[in-house]
Every structure is written in C-alpha cells, then in structure tokens.
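Asks: First the structure, then my questions, so here it is.
The values are calculated or read from the model by the stated rules, or taken from the named source; none is laboratory data. Nothing here was measured: the structure is a model prediction, and the numbers come from that model. As a convention, Cβ positions derive from the backbone with ideal geometry for all residues, glycine included, and neighbour counts pool all protein chains shown.
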Amino acid sequence: MSINGKGPLHLVHALEERKRKGLFRSLKYNYPKTDFSSNDYLGFSKKGLIEKKLQALQIKESGSTGSRLISGNSQLTEDLENSIAKFHSAEAALIFNSGYDANVGLVSSIPTKRDLVLYDELVHASIHDGVRLSFAKSYKIRHNDVDHLKRMIERNLPVVDTIYVVVESVYSMDGDCAPLKEIVKLCDNKTVFLIVDEAHAIGVFGKNGRGLCSELGLEENIFARIYTYGKAMGCHGAAVVGNETLRNYLINFARSFIYTTALPQHSLLSIEAAYELLLEGKLQEQLRENISYFNSLTKDFIPSTSAIHCKLFPGNHNVDIIEAQFEKKDMFVKGIKSPTVKEGAERIRVCLHAFNTKEEIKNLVNLINE
C-alpha cells in the first residue's frame, strides 16, 4: 500500500514514530569548532598529515576497476598487507573496504552451523550483523563478565564443534577495555577461538599505537584481530590479521570481500602513510597526556584510559538539551541516545584528541560540571 506516492505506508509510520520519540536522525555538516566527538584521535585527518605525505606522490589512478579477485588487486596492495601483518606481529593480513565490511565478512563466514558464537553484549553493530548472517548459534555475554563467558563455554563446548568468542579491545560507547588477559585464558585456540576488534585501540594503545593486544603481549593467542583505519588512522579501510589459512579462507568465503570493488590507490597509500605516522610516534604521547589530564579533572564518568569518555544523563530529552548547550559554546560533543544504548543509559560521549589543548579540555569539563 502506498500513500501519495511516498512508498509503503509502514515507512511513513516508522519515521513518524521516530520523530514522536525524539529519535529521528538527520545529516549535518556544519560541526562546532572545538572537536570532542570525532574518532580522529591523533589528528591525522584534521591536521592533513596524511595528505602532506601523499603530496609528493603523483597519484594518477582514480579507481581500482573491480574486485580484487577480478582486476582490482595490485603489488601495492599485497606489499601493504605484508607490512600490516609485520607491524601487528601476524602471519598475514587482508584489507577490507571498511571496518564494517571486515567484521561482517569475518563473523558471517567463519562459523558454521555446527559452531557457536559468544559475543559481548556491547560489541559494534557490524559484529551483530555478522552474527545474524552466519549459520552458527549465538549468545550474548554480559559486558566484560569473564565468569559468564566461562560458564557459557563450559556449558556449550560438549555440544558444538567450535566456539568463537568475539569482543572489542576498547568499547565505543563506554570507552572501557576488555579483560583480554582473562579472556585469552579461556580460549585454547583448538576448540575455542578469540576474535578481537581493535578499532578504537589502534593508535592509542601499545608501542607506536599497535593496539591493546600488542600492549598486553597477546597477539599470538588471538585467532583474528580487526584493525580499522577510519578512526585514529585518519583514513579509510580496515584489515583482518591472523594466519595465512585465515586470509585464504576469507578470500574464498567472505562475501563482503569477494563482491565489492577494491580500494583505490589513494586509499591504499593513505593507509601506508598512516602507518608511517604511527612509527614516528609523536602524537600518541600527547594523546595520552590529554587523557590523563581529562581524568584528573573529572568525576562520575565511566572509568576509561582510552580516548573515549562517557557520563550518563538518562533520558533522550536530557541528552538533546546538553548537546545543544555544548553547541552554543562551539564545542562538538555528541549525545548518545537509546536505542543506540539501553534506555536509561543515555549519555554524553567525549572523544579526546592529541590536538585538543589543555584550555579546551578544562573548558569542556567546567561546562559538564555546570
């Protein structure tokens, strides 16, 4: 049924319901000047650092002409994947077009109908979607609850072939870290395999920003790691790192890899430049100083040593009011509303960056306290 040519009636009703609940989303682009919201933690994008490295390169190719299995592969891509694997202490790496594509492709293709996926309840939507697309059974694990995870492994291991545990090293809504050392002890890499999304840890934790798995010395204990380049790396794309068997399997079975046009040369060179900037290591220390300074000034925030910091202000209406107050002060701070987070857990989410000044951070905290 249609209404005035607008399409099926349920589309109109769904949008009206969103508006009634104050959940209607719209696109904006005139962002406030002082950035406390973007994922550009090190400022690679905002400060044009990647583009400066690319200026000397005369990039002539504007497209990749096809998927990597047809005409979109190149020596540049293969060399870059080898360097990514080496940087992250892995046997092999495979580049995907985005973190979403990487998670969906990995989680949907690896588990079979005889397997089980146990995933933290706060993992990213892309992991949820990958789980839905897989043929495996799946259960949520209470957030960072190692005892719950242990019970679920022990209960299900006798009746399934393989268990895949999927977590994030740093969670995007709370900014807290997974208890990776404890989780690794439950995954034997024979019947229980661990998958870790490092999207919000790369560039922030570990030597030269190698991530939290590296900082804890756990790389060899993890079946697959996902590194996303649209955050601290300031560019686009992602990579799954692991062993050569995993790489070959994804090339053959991950639909989000097989059936998509490959990244163009500019994107690949941007990833390469971002890794070079990580090796320079100048901005990670500044980011860590800003995180420490922010934590010294604040209270009532969810504990976090990452770049992400949240304070709860229950109620979508309250979040809208507070976000508007920040905007009046030309501060870009986002409110996170339900259903993105649970009802009653609405919050203000602050992302810290290497380029934020101490004065900006102090002004932010003062406004929050008010």
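Asks: Based on what the data block shows, is L367 on the phi < 0 side of the Ramachandran plot, surrounded by 16 or more Cβ atoms within 10 Å (Cβ to Cβ) and over 19 Å from the mean Cα position of the chain (by Cα)?
Replies: Spelling it out, it is not the case that L367 is on the phi < 0 side of the Ramachandran plot, surrounded by 16 or more Cβ atoms within 10 Å (Cβ to Cβ) and over 19 Å from the mean Cα position of the chain (by Cα).
Asks: A follow-up question, please. For region 179-211, name all the residues that are under 22 Å from S304 (Cβ atoms) and crowded, with 24+ Cβ neighbours inside 10 Å.
Replies: Result: V196, D197, E198, A199, H200, A201, I202, G203, V204, F205, G209, G211.
Asks: Within region 73-93, identify whether any single residue is more than 23 Å from E220 (Cβ to Cβ), of a type in the set (A, V, I, L, M) and not in a loop (DSSP other than H, G, I, E, B), and answer yes or no.
Replies: Yes; the residues of region 73-93 include at least one that is more than 23 Å from E220 (Cβ to Cβ), of a type in the set (A, V, I, L, M) and not in a loop (DSSP other than H, G, I, E, B).
Asks: Restricting the search to region 259-308, which residues are in contact with a Cys (Cβ under 8 Å, 6 or more places away or on another chain) and in the same structural domain as K358 (by TED's automatic domain parsing)?
Replies: Scanning region 259-308 gives F301, I302, S304, T305, S306, A307, I308.
Asks: Give me the pairs: first residue in region 195-215 and assigned by TED's automatic domain parsing to the domain that holds L149, second residue among the acidic types (D, E) and assigned to a helix (DSSP H, G or I), beta-carbon distance under 6 Å, and six or more apart or on different chains, which are they?
Replies: Every condition considered, the pairs that remain are F205/E215; G206/E215; C213/E219.
Asks: Take the conditions under 21 Å from the mean Cα position of the chain (by Cα), within 30 Å of K337 (Cβ to Cβ) and modelled with pLDDT under 95 and apply them to I302. Does it pass?
Replies: Criteria met by I302.
Asks: Can you tell me which residue within region 152-171, out of those that are touching a strand residue (DSSP E or B) at 6+ places or on another chain (Cβ under 7 Å), in contact (Cβ under 8 Å) with a residue 40 or more places away in the chain and surrounded by fewer than 21 Cβ atoms within 10 Å (Cβ to Cβ), is nearest to Y229 (Cα to Cα)?
Replies: So, considering only residues that are touching a strand residue (DSSP E or B) at 6+ places or on another chain (Cβ under 7 Å), in contact (Cβ under 8 Å) with a residue 40 or more places away in the chain and surrounded by fewer than 21 Cβ atoms within 10 Å (Cβ to Cβ), the one nearest to Y229 (Cα to Cα) is T162.
Asks: Pick out the one residue from V204, V184, V160 that is touching a Phe, Trp or Tyr at 6+ places or on another chain (Cβ under 9 Å) and β-branched (V, I, T).
Replies: The match here is V204.
Asks: If you scan region 9-46, which residues turn out to be of a type in the set (K, R) and in contact with a helix residue (DSSP H, G or I) (Cβ under 9 Å, 6 or more places away or on another chain)?
Replies: K21, R25 - these are the residues of region 9-46 that are of a type in the set (K, R) and in contact with a helix residue (DSSP H, G or I) (Cβ under 9 Å, 6 or more places away or on another chain).
Asks: Same structure again: State whether one or more residues within region 222-237 are small (G, A, S) and not in a loop (DSSP other than H, G, I, E, B).
Replies: Scanning region 222-237 turns up at least one residue that is small (G, A, S) and not in a loop (DSSP other than H, G, I, E, B).
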